[in-house]
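**Q** Before anything else, here's the structure in question.
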Amino acid sequence: MDFLQTLKIALRALRTNKMRSFLTMLGIIIGIASVIAMMAVGSGASYVISQQIASIGSNIILVIPGSTTSGGLRTGSGGAQTLTSDDVKAIMAECPSVDLASGTVRSSGQVVYGNMNWSTVIMGGTPELFEIREWGIANGRGITQQDVDGAVKVCLLGQTVADNLFGSADPVGNIVRIKKIPFTVIGVLERKGQSPQGTDQDDTLFVPLRTAQRNLVRSQHTNNVGALIVKAKSKELLTKAEEEINSLLNQRHRITGGKEPDFSTRNLSEILAVAEQSSKAMSLLLGAVASISLIVGGIGIMNIMLVSVTERTREIGIRMAIGAKKNDILLQFMTEAVLLTMLGGLIGIALGAGGAMVVSRMLEWPTLISFQSISIAFVFSGAVGIFFGFYPARKAAGLNPIDALRYE
Amino acid sequence: MSKVIALTDIRRVFTMGDQQFEALKGVSYSISAGEFVAIMGASGSGKSTCMNILGCLDRPTSGQYLLDGLDVGAMNTNQLADIRNKKLGFVFQGFNLLARTPAVENVELPLVYAGLHSRERREKALAAMQQVGLAGKENNHPSQLSGGQQQRVAIARALVNNPAVILADEPTGNLDSSSTAEIMSLFTTLNKQGITIIMVTHEHDVAAYAGRQITFRDGNIIGDTK
Ligand SMILES: Nc1ncnc2c1ncn2[C@@H]1O[C@H](COP(=O)(O)OP(=O)(O)OP(=O)(O)O)[C@@H](O)[C@H]1O
Ligand SMILES: [Mg+2]
């Protein structure tokens, strides 16, 4: 018997019981639709995360001050000021795997322009900072070494800050007051977007490091920096660079034996690994949801196919009497089951993709529907049909023609 | 004339639990090509059991069955399915047509399993429907046909693959007298065209259409007009 005919018979059987076929498919439809939708939202999420991680810059190591114990009081990590601009210079000079390094200080405060004011993060940094973070200038010029050396009172605005203080006007050349001190705006940075932690990276204002050390942060020594940001020469050298920094700083800070270091390093590949791990956990979860819903759907299919075999016992008898072989009957019922699940799979894919698009519109959240997820869903729905359709089909094929013909 | 069917000492024992029942107790007869045979007998005498064996739907417990010279006993189920498809045509008391399927597709069914292409199938099916006088009813579903017409669709289906024998188990059992007369005259016509027919019936006037009557009682043949 040719396959086209088998397909035609199966389609007719499904059409005879339209409502029942649809309800049977529903399990598969819901299962596949939710998998497709969740996969789309999930891969959209990991796309966003990877974009955000990339926005920090590549091959980056952060050095932050560790906790110190002074008079029995331990400050939290980052609370101490143990790093200096000299550490930065030493790292640049003595760590061969390091490409660039910049000290940074961080503060926050009010920035005023005319009658506008805006509270924002104020960062002090060197020209290297912008190279490390791969952060270009949209308008005006960047911070130069001369600005840093001379502690010149100039500033660079993040896009959010520029928007809030100047609206659509050009900020370059204007004077803003930061903590009541006048600064000349020399440029506006390119838009960066959200950080992996969800903060707006453009809501920042940058000033030369020494300017910040002298005027904006209170510290014992004007040479202190809050944190170091270092770029390794390559991805492969990331861990090597981290080791070099650790040993150099241990030496410089005279950390020996059991003494707890007064700094710590973090490299962004760790953050990446965490993100990867969570996306792996996510896909594992999706897989579990998918397989459960497909199993439930498959059991529904099997149930209905068994009912269908019983209902159509006489038909099976007729077909056998007329010359259908066991395999013809087996194939007929298998085709019916696979058609059910594949049709359900197709509808589910369409619904899931549609749902993902609605989610992406409403929540302004990117969704990615990959060809891969669609083909996996399709193949899986077919496999469910084969798996759960086999038993009923074998039951049909195993019927004795005389008994089947006599069945009322 | 060549023997289409040759039964030798056919026995059929049904086992139900620890009970055994011998429905056929050593039946032997043969039927030549072109014969029209009526099988008669009381209810439970083994007529249908014998027909099922003739139709290769069931196997005898012992004995030999040659169909068109082929030893059916030695065949596997797939070969038997092929035999049913190519050498036999069935007509049942209850018509046994596929519901919600146009008459012409019911007639085509044996050709589907014979592996013919759709054009050839349709041609042969239409010819068979013409032969049984159902031209114009091709697209009616069984529920849109009278009992007599349904039985004629079944006969067309039995004819369509040019079988060696048509087996009919009480083909008029569900029909009124005028439909019965129609069906029997159709059988007579077909028989005159050379088709071998074996028919089970309870009614003497129906059996009278046949050229030969075989009578069963309790699993034995007690009469054969040949
Ligand atoms: N599958 C079976 N299992 C057990 N006994 C059976 C089976 N099929 C038939 N029989 C028995 O065999 C005997 C013959 O049955 P069969 O159907 O051949 O009768 P029949 O001559 O066709 O009767 P009727 O005219 O009523 O159709 C009956 O006694 C029946 O009970
Ligand atoms: Mg009977």
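**Q** Got a number for residues in the range B:114-152 being assigned to a helix (DSSP H, G or I), over 22 Å from B:LYS192 (Cα atoms) and open to solvent by 40 Å² or more (accessible area, probe 1.4 Å)?
**A** Counting residues in the range B:114-152 that are assigned to a helix (DSSP H, G or I), over 22 Å from B:LYS192 (Cα atoms) and open to solvent by 40 Å² or more (accessible area, probe 1.4 Å) gives 7.
**Q** In addition: Within the range A:110-121, can one find any residue that is within 21 Å of A:ILE61 (Cα to Cα) and open to solvent by less than 10 Å² (accessible area, probe 1.4 Å)?
**A** The answer is no; no qualifying residue exists.
**Q** If you scan the range A:391-408, which residues turn out to be open to solvent by less than 90 Å² (accessible area, probe 1.4 Å) and more than 14 Å from chain B (Cβ to nearest Cβ)?
**A** Of everything in the range A:391-408, those that are open to solvent by less than 90 Å² (accessible area, probe 1.4 Å) and more than 14 Å from chain B (Cβ to nearest Cβ) turn out to be A:PRO392, A:ALA393, A:ALA396.
**Q** Is the range B:92-107 home to any residue that is more than 8 Å from chain A (Cβ to nearest Cβ), open to solvent by 10 Å² or more (accessible area, probe 1.4 Å), assigned to a helix (DSSP H, G or I) and closer than 23 Å to A:ARG406 by Cα?
**A** yes
**Q** Run down A:ILE376, A:ILE299, A:ILE295 and say which single residue is at pLDDT 90 or above and either out of contact with any Pro (no Cβ under 7 Å at 6 or more places or on another chain) or away from chain B (no Cβ under 14 Å) (or both).
**A** A:ILE299
**Q** Could you figure out which of (1) more than 19 Å from the chain's Cα centre (by Cα); (2) within 16 Å of ligand 2 (Cβ to nearest atom) isn't true of B:PHE90?
**A** Of the numbered conditions (1) more than 19 Å from the chain's Cα centre (by Cα); (2) within 16 Å of ligand 2 (Cβ to nearest atom), the odd one out for B:PHE90 is (1).
**Q** A further question on this structure: Please go through (1) away from chain A (no Cβ under 14 Å); (2) within 16 Å of ligand 2 (Cβ to nearest atom); (3) of a type in the set (S, T, N, Q) for B:GLN64 and return the number of the only condition it doesn't satisfy.
**A** If we test B:GLN64 against (1) away from chain A (no Cβ under 14 Å); (2) within 16 Å of ligand 2 (Cβ to nearest atom); (3) of a type in the set (S, T, N, Q), just (2) comes out false.
**Q** With B:LEU7, B:LEU24, B:LEU67 as the choices, which residue is open to solvent by less than 30 Å² (accessible area, probe 1.4 Å), closer than 24 Å to A:TYR407 by Cα and either within 16 Å of ligand 1 (Cβ to nearest atom) or not charged (D, E, K, R) (or both)?
**A** Exactly one of B:LEU7, B:LEU24, B:LEU67 is open to solvent by less than 30 Å² (accessible area, probe 1.4 Å), closer than 24 Å to A:TYR407 by Cα and either within 16 Å of ligand 1 (Cβ to nearest atom) or not charged (D, E, K, R) (or both), namely B:LEU24.
**Q** Right, here's the next one. Take the range A:107-139 and flag every residue that is of a type in the set (D, E, K, R) and closer than 20 Å to A:VAL225 by Cβ.
**A** The answer is A:GLU128, A:GLU131, A:ARG133.
**Q** Only one residue in A:LEU209, A:LEU248 is closer than 20 Å to A:PHE130 by Cβ and modelled with pLDDT of 85 or more, so which one is that?
**A** Answer to the selection: A:LEU209.
**Q** Another question about this same structure. Can you tell me which of B:ASP71, B:ASP58, B:ASP82 is acidic (Asp, Glu) and within 16 Å of ligand 2 (Cβ to nearest atom)?
**A** Only one candidate passes the filter, namely B:ASP58.
**Q** Next up: Can you pull out every residue in the range A:176-218 that is more than 13 Å from A:THR160 (Cα to Cα), touching a residue at least 60 places away in the same chain (Cβ under 8 Å), among the small types (Gly, Ala, Ser) and surrounded by fewer than 20 Cβ atoms within 10 Å (Cβ to Cβ)?
**A** Result: A:SER195, single match.
**Q** From the residues in the range A:1-58 that are within 14 Å of chain B (Cβ to nearest Cβ) and among the aliphatic types (A, V, I, L, M), which one is most open to solvent (accessible area, probe 1.4 Å)?
**A** Here the answer is A:LEU4.
**Q** Quick one: which of A:ALA281, A:ALA275, A:ALA290 is over 26 Å from A:LEU343 (Cα atoms), among the aliphatic types (A, V, I, L, M) and in contact (Cβ under 8 Å) with a residue 24 or more places away in the chain?
**A** A:ALA275
**Q** Being free of Cβ contacts under 8 Å to residues at least 40 places away in the same chain, of a type in the set (A, V, I, L, M, F, W, C) and within 20 Å of B:PRO110 (Cβ to Cβ), is that true of even one residue in the range A:306-322?
**A** Yes, the range A:306-322 has at least one match.
**Q** Quick check on my filter: what residues within the range A:309-322 are within 14 Å of chain B (Cβ to nearest Cβ) and polar (S, T, N, Q)?
**A** A:THR313, the sole residue that qualifies.
**Q** On to the next question. Where residues in the range B:163-188 are outside any helix (DSSP H, G or I) and open to solvent by 30 Å² or more (accessible area, probe 1.4 Å), which of them is farthest from B:PHE90 (Cα to Cα)?
**A** B:ASP176
**Q** Could you tell me which of the residues A:GLY323, A:GLY382, A:GLY348 is touching a Phe, Trp or Tyr at 6+ places or on another chain (Cβ under 6 Å) and more than 16 Å from ligand 1 (Cβ to nearest atom)?
**A** A:GLY323
**Q** Only one residue in B:THR201, B:THR196 is within 30 Å of B:ARG11 (Cβ to Cβ), open to solvent by less than 10 Å² (accessible area, probe 1.4 Å), within 16 Å of ligand 1 (Cβ to nearest atom) and not aliphatic (A, V, I, L, M). Which one?
**A** The conditions single out B:THR201.
**Q** Moving to a separate point now. Among the residues of the range B:52-61, write down those that are within 14 Å of another protein chain (Cβ to nearest Cβ) and either of a type in the set (S, T, N, Q) or open to solvent by 10 Å² or more (accessible area, probe 1.4 Å) (or both).
**A** The answer is B:ASN52, B:LEU57, B:ASP58, B:ARG59, B:PRO60.
**Q** Could you identify the single residue in A:GLU260, A:GLU236, A:GLU276, A:GLU242 that is more than 14 Å from chain B (Cβ to nearest Cβ), part of a helix (DSSP H, G or I) and open to solvent by 50 Å² or more (accessible area, probe 1.4 Å)?
**A** So the residue among A:GLU260, A:GLU236, A:GLU276, A:GLU242 that is more than 14 Å from chain B (Cβ to nearest Cβ), part of a helix (DSSP H, G or I) and open to solvent by 50 Å² or more (accessible area, probe 1.4 Å) is A:GLU276.
**Q** Another question about this same structure. Is it true that some residue in the range A:323-339 is within 25 Å of A:PHE22 (Cα to Cα), surrounded by fewer than 24 Cβ atoms within 10 Å (Cβ to Cβ), free of Cβ contacts under 8 Å to residues at least 40 places away in the same chain and β-branched (Val, Ile, Thr)?
**A** no
**Q** Any residue at all in the range B:150-169 that's more than 16 Å from ligand 1 (Cβ to nearest atom), basic (Lys, Arg) and over 17 Å from the mean Cα position of the chain (by Cα)?
**A** For the range B:150-169, residues more than 16 Å from ligand 1 (Cβ to nearest atom), basic (Lys, Arg) and over 17 Å from the mean Cα position of the chain (by Cα): absent.
The values are calculated or read from the model by the stated rules, or taken from the named source; none is laboratory data. Fair warning: this is a prediction, and the values are worked out from it, not measured in the lab. Positions of Cβ are backbone-derived with ideal geometry, glycine not excepted, and every protein chain shown enters the neighbour counts. Note: accessible area is taken over every heavy atom of the protein model, side chains too, but ligands, DNA and RNA are not part of it. Shrake-Rupley method; radii C 1.70, N 1.55, O 1.52, S 1.80 Å.
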